[in-house]
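One structure below.
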Amino acid sequence: MINNSPTNSITLIQPDDFHLHVREGDALKSVVPDTARQFARAIIMPNLADPITTVEQAQNYREEILASVTDIDEDSKNGTDFEPLMTLYLTDKTTAETIVAAKASGIIHALKLYPAGATTNSDKGVTNLENIYPALEAMQETGIPLLVHGEVTDPEIDIFDRERVFIETILEPLIKRFPTLKVVLEHITTSDAVEFVTNAPDTIAATITAHHLLMNRNTIFAGGIRPHHYCLPILKRETHRQALVKAATSGNPKFFLGTDSAPHTQGAKESACGCAGMYTAYHAMELYAEAFDNADALDKLEGFSSIFGAKFYGLPQNTNSITLNRESWQVPANLPLGKEQIIPLRAGEQCHWTLVSND
Ligand code: DOR
Ligand code: ZN
């Protein structure tokens, strides 16, 4: 018998966010509880104004994050056992010794490659991959993953082509040179990336954001210029969005959840030269549920959100669960970000799924 009734409630193993920006100081205190309410763990991006390049910096940053979750939701303790999974930022000077120390620390789970100039706080990133060959060699040996912002930085290359050109000119040769290096191509945005990752060995995986599953590039210009829809890699055309949805809902364990939630103040976004990034940590699982529901693939959400990423990183599966109901609610017009405010994605508009419990 065919069951046509829609699924109105789903319970999942508690998910992890494998790509998150939490900044520092007062802003960090505002945003970390949003993630901790939904996710058990998150891979913390190291692109602070003074990037996280050493084990000691990562230890201090981890303490700062943990301190920001101790006093949320006193009654239920929801989110208080949140585990930040730290990363280091690769520079031209990162040595093999740093990689060995990172692995030995037990708190560092990956290293992030920002091609210099690619995005927010990437100016201290890597200018030429050959400069970090010894570090990459050590990563390949220790099995610690390389997380890649996959865009070329050449301003001559069309912004909508920068991911594809990165794959062809940088990533493919890199993987040939380091054939057993574990690599996550972060926040993929194109059918080219989907195809590349699908056909690559099992050591290559990708994260996909909620915003790239839900929106195409028309939303950057809907009725005028929309700075809150600007992120990097930039939203692409509809055919690419469809390819991402197909990959995320395929059940292929190479594709897993990474929000790339990236808080910037309202002023920094609504400016003549606005920053790249969308704030989705507040309602991330609700947004992913909607994207999977739209594709009639809610049964594939748990693997994508709660199983595949942990497996790739060699982490145990979470034991708690979360429940989402099909219930609409209005996203707040703004949220506090330290002493300033942030405009979340979909501000003032409806979300169609609601996180109802986390136990
Ligand atoms: O949109 C983005 N925002 N893309 C990135 O790669 C970085 C991030 C940020 O840190 O603001
Ligand atoms: Zn990011």
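The values are calculated or read from the model by the stated rules, or taken from the named source; none is laboratory data. For clarity, every value in this text was computed on a predicted model and none was experimentally measured. Because the Cβ atoms are built from the backbone with ideal geometry, glycine has one as well, and the counts that use them run over all protein chains shown. Only protein heavy atoms, including side chains, enter the accessible area calculation; ligands, DNA and RNA are left aside. Shrake-Rupley method; radii C 1.70, N 1.55, O 1.52, S 1.80 Å.
Residues that are under 22 Å from Tyr114 (Cα atoms) and not hydroxyl-bearing (Ser, Thr, Tyr) within segment 220-243 comprise His229, Cys231, Leu232, Pro233, Ile234, Leu235, Lys236, listed in sequence order.
For the criterion of being of a type outside the set (Gly, Ala, Ser), without any contact (Cβ under 8 Å) to a residue 12 or more places away in the chain and more than 24 Å from Trp329 (Cβ to Cβ), Pro253 fails. Counting residues in segment 141-151 that are within 15 Å of ligand 2 (Cβ to nearest atom) and either of a type in the set (D, E, K, R) or at pLDDT below 95 (or both) gives one or more. In segment 17-46, the residues that are within 15 Å of His264 (Cα to Cα) and within 15 Å of ligand 1 (Cβ to nearest atom) reach residues that are part of a helix (DSSP H, G or I) and of a type outside the set (Val, Ile, Thr) with C-beta atoms within less than 8 angstrom, at least six apart or across chains, in these pairs: Leu20/Ala281; Val22/Leu28; Glu24/Tyr61; Glu24/Glu64; Leu28/Glu64; Val31/Ala281.
Looking at Ile225, is it without any contact (Cβ under 8 Å) to a residue 12 or more places away in the chain and either open to solvent by less than 40 Å² (accessible area, probe 1.4 Å) or assigned to a loop (DSSP other than H, G, I, E, B) (or both)? Yes; evaluated as a whole, the condition is true for this residue. Taking helices (runs of 4 or more DSSP H) as the structural unit, those lying wholly within segment 234-343 and holding at least 3 residues that are hydrophobic (A, V, I, L, M, F, W, C) correspond to 238-248, 284-294, 308-313.
Across segment 258-286, which residue is farthest from Ala333 (Cα to Cα) among those that are open to solvent by less than 10 Å² (accessible area, probe 1.4 Å) and away from ligand 2 (no atom under 16 Å from the Cβ)? Among them, the one singled out is Met285. The set of residues in segment 146-199 being assigned to a loop (DSSP other than H, G, I, E, B), open to solvent by 30 Å² or more (accessible area, probe 1.4 Å) and within 14 Å of ligand 1 (Cβ to nearest atom) consists of Thr153 alone. Pairs under 7 Å by beta carbon, first residue of a type in the set (Asp, Glu) in segment 171-198, partner open to solvent by 20 Å² or more (accessible area, probe 1.4 Å) and away from ligand 1 (no atom under 16 Å from the Cβ), six or more apart or different chains? Sorted first by the residue in segment 171-198, then by its partner, the pairs are Asp192/Arg164.
Cβ separations smaller than 9 Å between residues 6+ apart or across chains give no pair from segment 96-122 residues that are without any contact (Cβ under 8 Å) to a residue 12 or more places away in the chain and more than 30 Å from Ile157 (Cα to Cα) to residues that are part of a strand (DSSP E or B) and within 16 Å of ligand 1 (Cβ to nearest atom).
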